[in-house]
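**Q** First the structure, which I've put down as structure tokens, then a few questions once you've had a look.
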């Protein structure tokens with residue numbers, strides 16, 4: 001069984017579990033019913049594979065009970081084929097920073113973010129960087145809104161030369177969910193909607209990592225100015 005992640009100041013354990021089951025209606029209902037009976041709090045769920053005779057479902061669970069109780073009760077279900085306990089994605093990959101926009105700018109932001117994340121990860125952090133070069137107002141607006149649905153996403157960096165319109169509306173929406181949004185200093189209305197505006201793309205990547213890292217003392221709220 002993978003090492004369990006104990007929550008500081010709590011008796012619960014964060015566990016990851018991959019369950020191979022017979023596919024069909026009601027499959028999730030049966031699995032989540034077992035978890036609920038053991039007072040497990042599901043923090044993330046994903047159907048990893050659903051083809052052929054087997055469906056694989058991944059759960060991240062805050063579990064106050066012993067994981068062996070969960071394994072025993074899940075195994076008692078007729079639909080369960082195999083149970084595998086794994087380290088949670090939060091423990092392995094940690095917080096996510098998403099960088100999107102024009103390819104050249106995205107690449108420069110990634111240089112700063114990856115270099116800074118490496119510095120913090122060596123000291124025990126777990127910060128991963130995701131990039132997606134995109135063009136077009138609607139494509140970018142849809143992608144910005146989707147970031148709020150991504151697990152473990154803590155910050156979004158918008159890297160481009162011109163963004164506005166529906167992208168600005170999307171930025172304001174995701175900020176209301178608690179997502180940190182950093183924008184390059186570009187034309188358009190997106191910089192006005194972002195938490196932080198940074199002119200240098202490499203610096204933008206560095207500041208995004210510093211803002212989410214627990215091993216850094218940098219916080220956006222304490223900045224006296226918002227544009228750099």
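The values are calculated or read from the model by the stated rules, or taken from the named source; none is laboratory data. All of these numbers come straight from a predicted model, not from anything done at the bench. Positions of Cβ are generated from backbone atoms using ideal geometry, with glycine treated the same way; all protein chains shown enter the neighbour counts.
**Q** Where in the range 49-101 are there strands (runs of 3 or more DSSP E), lying wholly inside it, with at least 2 residues that are more than 30 Å from residue 123 (Cβ to Cβ) and modelled with pLDDT of 90 or more?
**A** Fully inside the range 49-101 and qualifying: 54-63, 80-86.
**Q** Next question, about the same structure. Scan 132, 127 and give me the residue that is surrounded by 20 or more Cβ atoms within 10 Å (Cβ to Cβ) and either within 20 Å of the chain's Cα centre (by Cα) or over 21 Å from residue 218 (Cβ atoms) (or both).
**A** Going through 132, 127 in turn, just one is surrounded by 20 or more Cβ atoms within 10 Å (Cβ to Cβ) and either within 20 Å of the chain's Cα centre (by Cα) or over 21 Å from residue 218 (Cβ atoms) (or both): 127.
**Q** Restricting to strands (runs of 3 or more DSSP E) lying wholly in the range 110-187: which have 1 or more residues that are without any contact (Cβ under 8 Å) to a residue 40 or more places away in the chain and within 26 Å of residue 44 (Cα to Cα)?
**A** 127-133, 180-184
**Q** Say whether the condition of being in contact with a helix residue (DSSP H, G or I) (Cβ under 8 Å, 6 or more places away or on another chain) and crowded, with 17+ Cβ neighbours inside 10 Å is met by at least one residue in the range 67-74.
**A** Within the range 67-74, one or more residues are in contact with a helix residue (DSSP H, G or I) (Cβ under 8 Å, 6 or more places away or on another chain) and crowded, with 17+ Cβ neighbours inside 10 Å.
**Q** Could you list, in sequence order, all residues of the range 193-208 that are without any contact (Cβ under 8 Å) to a residue 40 or more places away in the chain and either in contact with a helix residue (DSSP H, G or I) (Cβ under 7 Å, 6 or more places away or on another chain) or not assigned by TED's automatic domain parsing to the domain that holds residue 115 (or both)?
**A** Hits for the range 193-208 are 193, 194, 195, 196, 197, 198.
**Q** Identify, please: which residue in the range 183-215 is within 23 Å of the chain's Cα centre (by Cα) and more than 16 Å from residue 157 (Cβ to Cβ) and is, among those, modelled with the lowest pLDDT?
**A** Among residues in the range 183-215 that are within 23 Å of the chain's Cα centre (by Cα) and more than 16 Å from residue 157 (Cβ to Cβ), the one modelled with the lowest pLDDT is 215.
**Q** What's the number of the only condition in (1) in the same structural domain as residue 215 (by TED's automatic domain parsing); (2) surrounded by fewer than 13 Cβ atoms within 10 Å (Cβ to Cβ); (3) over 23 Å from the mean Cα position of the chain (by Cα) that residue 137 fails to meet?
**A** Answer for residue 137: the failing condition is (2).
**Q** Here's a follow-up. Given the conditions (1) at positive phi; (2) modelled with pLDDT of 95 or more, report the number of the one that residue 165 does not fulfil.
**A** (2)
**Q** Of all the residues that make up the range 178-188, how many are touching a helix residue (DSSP H, G or I) at 6+ places or on another chain (Cβ under 8 Å) and surrounded by fewer than 16 Cβ atoms within 10 Å (Cβ to Cβ)?
**A** Matching residues across the range 178-188 total 1.
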